[in-house]
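Report on the following structure.
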Amino acid sequence: MKIAISSTDKTLESDIDPRFGRCQYFIIVDPSTLKYRAYANESAVTKGGAGIRASQFIVDLGAEVVLTGNVGPNAFETLNTAGIEILTNVVGTVRNTIERYMEGKLKKAQSPTVGGHFGLRNHQ
């Protein structure tokens, strides 16, 4: 299993980035082994379409689950259509978030948690 996590930096000790489409990094991790790889989010600096681009990147990497603070409508639709489970309102470190996910302590998002362009407006 591959989990994609929005992160502020490149390690398991990094904080969760509250933005999905404009997060600094995506950490792709196998929760059973904690083997991971960090990817800079090239969508973070785009003027528009960050959520869709980031979502497609995650789909292409083969992730089955996304853990993030918030997800906008375009990202939600893209990930949901691809069959990727989306869990939001996540805070803390990447490592702690993985542990909480494995313990079943995180809740699946039923809809977007923010409007479009959230990361652009609030985190420039």
**Asked** Taking E77 and the conditions (1) surrounded by fewer than 17 Cβ atoms within 10 Å (Cβ to Cβ); (2) without any contact (Cβ under 8 Å) to a residue 60 or more places away in the chain; (3) touching a strand residue (DSSP E or B) at 6+ places or on another chain (Cβ under 7 Å), which numbered condition does it fall short on, given that it satisfies the others?
**Response** (3)
**Request:** Quick one: which residue in I3, I28, I52 is buried (at least 20 other Cβ atoms within 10 Å of the Cβ) and in contact (Cβ under 8 Å) with a residue 24 or more places away in the chain?
**Result:** I3
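Per-residue answers, yes or no, for (1) closer than 22 Å to E103 by Cα; (2) in contact with a Leu (Cβ under 7 Å, 6 or more places away or on another chain); (3) modelled with pLDDT of 95 or more; (4) of a type in the set (F, W, Y):
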residue: S14; (1), (2), (3), (4): yes, no, yes, no
residue: K35; (1), (2), (3), (4): yes, no, yes, no
residue: N41; (1), (2), (3), (4): no, no, yes, no
residue: G49; (1), (2), (3), (4): no, no, no, no
residue: V59; (1), (2), (3), (4): no, no, yes, no
**Asked** Any residue in the stretch 16-23 that is farther than 20 Å from K105 by Cβ, surrounded by fewer than 19 Cβ atoms within 10 Å (Cβ to Cβ) and modelled with pLDDT under 95?
**Response** no
**Out of E13, E64, E85, sole residue that is surrounded by fewer than 14 Cβ atoms within 10 Å (Cβ to Cβ), closer than 19 Å to K108 by Cβ and either touching a helix residue (DSSP H, G or I) at 6+ places or on another chain (Cβ under 8 Å) or acidic (D, E) (or both)** = E64
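The values are calculated or read from the model by the stated rules, or taken from the named source; none is laboratory data. What you see is a predicted model; the values in this text were computed from it and never measured. A quick note on method: Cβ atoms are made from the backbone with ideal geometry, for glycine too, and the neighbour counts reach across all protein chains shown.
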